[in-house]
Amino acid sequence: AARATLPPFDGSGTTADGHRVPLLANVGGGEEAAVAAAAGAEGVGLLRTEFCFLNRSEEPTIPEQVAAYKAVFEAFPGKKVVVRTLDAGADKPLPFLTDATEPNPALGVRGYRTDWTTPGVLERQLQAIAQAAAESTAVVWVMAPMIATAEEAGHFAGLCSAAGLDTSGVMVEVPSAALTAGSILKRVEFASLGTNDLTQYTMAADRQLGPLAALNDPWQPAVLRLVQATVDGARLGGTGQAPKPVGVCGESAADPALGVVLVGLGVSTLSMTARALPGVAAVLRSVTLDQARDLAGLALSADTAAEARAAVRSKLPVLD
Ligand code: PEP
Ligand code: MG
């Protein structure tokens, strides 16, 4: 019933007291980007580039990649678009990058790690992203998936700057990255929490297995504490500098009650499937930043995911 009464999303995420939280979209290509722009997304928080190239048996050429990325950038002129480099492997195998015989694909050579076994693909992708960015007005940020250590973050930042891409960041989706976010954020400009994988790896529960769904719940206390650790790391990592931005681009950002908790924990942007934007915007607008912080405290002090969810939802009358 609440859903029917939600006001339409007017394209700016803000709390009741005017704290801005840009609401961005997760997209897999140009068509989805156009839909997201029409839905009021303020930019793209996650372009899953592997979706541009699923079912390809060979690496796409640079001109093919430039065309695919430009189609997304052109839907968001002058707006931020965060491009994630290829996240091949596990749930998203790409034949030209993925070794199908690995015994544990989720723990295997996936995401950024494919640069170790298939060097050159990442450099060519960065070159294509830089070219597409130069030919459009979108504000392009680029980030690597599956970063686990500060060395990896530093190496990725070096590759990005060599390609002429100044704003590089990482996904925080491996618990080690959340726990060392301060060191990682000395080397890159921003982080984006991938709570789908962060939950899978924290709970040791394959995200694709239905019987494990209760473990794959981003309200799990351990996951919320890793979000908090990441935001704290972003504050402390740049000692003497402004904290670096930490966004969320996992499905958790599309849960309106959890979105408020994430904002209360200090997350600066939420990126989600476009259809979730109005619901998240409406609930965000029903609380002040201080109330969001109180709700985050309530969630963090719960013993279980179910208790955290129930405690927060009971304080959000807009959800009734
Ligand atoms: C995540 O892991 O939360 C994420 C956003 O990336 P993907 O779902 O593509 O792995
Ligand atoms: Mg992921």
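Tell me yes or no: at least one residue of the stretch 171-194 is surrounded by fewer than 18 Cβ atoms within 10 Å (Cβ to Cβ), among the aliphatic types (A, V, I, L, M), over 25 Å from Ala132 (Cβ atoms) and out of contact with any Cys (no Cβ under 9 Å at 6 or more places or on another chain).
Within the stretch 171-194, one or more residues are surrounded by fewer than 18 Cβ atoms within 10 Å (Cβ to Cβ), among the aliphatic types (A, V, I, L, M), over 25 Å from Ala132 (Cβ atoms) and out of contact with any Cys (no Cβ under 9 Å at 6 or more places or on another chain).
Answer yes if at least one residue in the stretch 113-121 is buried (at least 20 other Cβ atoms within 10 Å of the Cβ), small (Gly, Ala, Ser) and over 18 Å from Leu46 (Cα atoms), and no otherwise.
no
Out of Gly250, Gly266, report the one residue that is free of Cβ contacts under 8 Å to residues at least 40 places away in the same chain and either within 15 Å of ligand 1 (Cβ to nearest atom) or closer than 25 Å to Ala41 by Cβ (or both).
Being free of Cβ contacts under 8 Å to residues at least 40 places away in the same chain and either within 15 Å of ligand 1 (Cβ to nearest atom) or closer than 25 Å to Ala41 by Cβ (or both) holds for just one of Gly250, Gly266, which is Gly266.
For the stretch 72-86: of the residues being of a type in the set (D, E, K, R) and assigned to a strand (DSSP E or B), which is farthest from Thr114 (Cα to Cα)?
Taking the candidates together, the pick is Lys80.
Looking at (1) farther than 26 Å from Val263 by Cα; (2) outside any helix (DSSP H, G or I), find the lone condition where Gly11 falls short.
Among (1) farther than 26 Å from Val263 by Cα; (2) outside any helix (DSSP H, G or I), the lone unmet condition for Gly11 is (1).
Pick out, from the stretch 171-219, the helices (runs of 4 or more DSSP H) lying fully within it that include 1 or more residues that are under 21 Å from Leu47 (Cα atoms) and either within 13 Å of ligand 2 (Cβ to nearest atom) or hydrophobic (A, V, I, L, M, F, W, C) (or both).
175-179, 195-203
Go through (1) part of a helix (DSSP H, G or I); (2) more than 16 Å from ligand 1 (Cβ to nearest atom); (3) closer than 21 Å to Gly297 by Cα for Val227 and report which single condition fails.
(2)
Check Leu198 against each of (1) over 30 Å from Gly78 (Cβ atoms); (2) surrounded by fewer than 18 Cβ atoms within 10 Å (Cβ to Cβ) and name the one condition it does not meet.
It fails just one condition, (2).
Among the residues of the stretch 195-248, how many are of a type in the set (Lys, Arg) and in contact with a strand residue (DSSP E or B) (Cβ under 7 Å, 6 or more places away or on another chain)?
Residues in the stretch 195-248 being of a type in the set (Lys, Arg) and in contact with a strand residue (DSSP E or B) (Cβ under 7 Å, 6 or more places away or on another chain): 1 in total.
Residues to consider are Ala128, Ala41; find the one that is among the aliphatic types (A, V, I, L, M) and closer than 22 Å to Gly194 by Cα.
Ala41
None of the figures in this text is laboratory data; all of them are computed from the coordinates on show. These numbers were taken from a predicted model, which means no experiment stands behind them. Cβ: placed from backbone, ideal geometry, glycine included. Neighbour counts: every protein chain shown.
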